[in-house]
Amino acid sequence: MTERDEPALLAEHGLKHTGASLAEATRAMLCLHGRGATAEDILSLGEAIALPGIAYLAPQAEGGAWYPRPFMEPIAANEPFLSAALDRIGTILAALAEAGFDRETAEHLRSRRAKVTAKLYPEPGHAINMGEVAEARRLIAALRG
């Protein structure tokens, strides 16, 4: 990816960005915000982690939500919005792979013996805390190995 290509990729996929430029980054992290939040909100995670060589990217969900109904409702209640959101994320990941960034998912990381933890926060508006930032730094540093 060249510096000339970066603005086109960001614009095409409606991505906000912080951290290393895509031309200089060795890794790209796609960050997805929660309900009622913004791309800028979740990018504060990248600013807090602040590891060199990582481009932190975030799309904005239309209306601040990836799907309209609570996640505990039947999947059909959130269609076609949920499928459209997942398709959009898949398209972004494919574009990043085409730009030279490997796609590492939780399953891939587990296969490499990484400890992957999923946390669900029941209350809206969960703020990032320093314990989570320290854990993210540790996991990312282990990937560089």
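What follows draws every value from the coordinates through simple rules; no lab data is involved. Keep in mind that this is a model prediction, so the values were computed, not measured. Note: ideal-geometry Cβ built from the backbone for every residue, glycine included; neighbour counts use all protein chains shown.
Can you list the trypsin sites (Lys or Arg not before Pro) in segment 1-47 that are in a DSSP coil and have 11 or fewer other beta carbons within 10 angstrom?
Filter output for segment 1-47: Arg4.
Using each residue's phi in segment 73-85, evaluate 6.51 cos²θ - 1.76 cosθ + 1.60 at θ = phi - 60° and report the 3J(HN,Hα) Karplus result to the nearest Hz, with x for Gly and Pro.
7, x, 3, 4, 5, 9, 8, x, 5, 4, 4, 5, 5
Pop out the ³J(HN,Hα) list for segment 42-55 in order, Karplus 6.51 cos²θ - 1.76 cosθ + 1.60 with θ = phi - 60°, rounded to Hz; leave Gly and Pro as x.
After applying 6.51 cos²θ - 1.76 cosθ + 1.60, I find 6, 5, 4, 5, x, 5, 6, 5, 6, 8, x, x, 10, 9 Hz.
For a quick protection proxy, order the peptides 48-54, 8-14 by their average other-Cβ count within 10 Å, most packed first. Numbers along the way, then the final one.
Values: 48-54: 14.9, 8-14: 13.1.
My ranking of the peptides, most packed first, is 48-54, 8-14.
Skipping prolines and chain starts, which residues have an amide H placed within reach, meaning under 5 Å, of the one on Arg27, given they are 5 or more residues away or on another chain?
Here the answer is Ala55, since their amide H atoms fall under 5 Å of that of Arg27.
Go ahead and run the numbers for FRET between Ala76 and Leu139, Cβ-Cβ distance against an R0 of 30 Å, rounding to 0.05.
Efficiency, from the Cβ-Cβ distance: 0.30.
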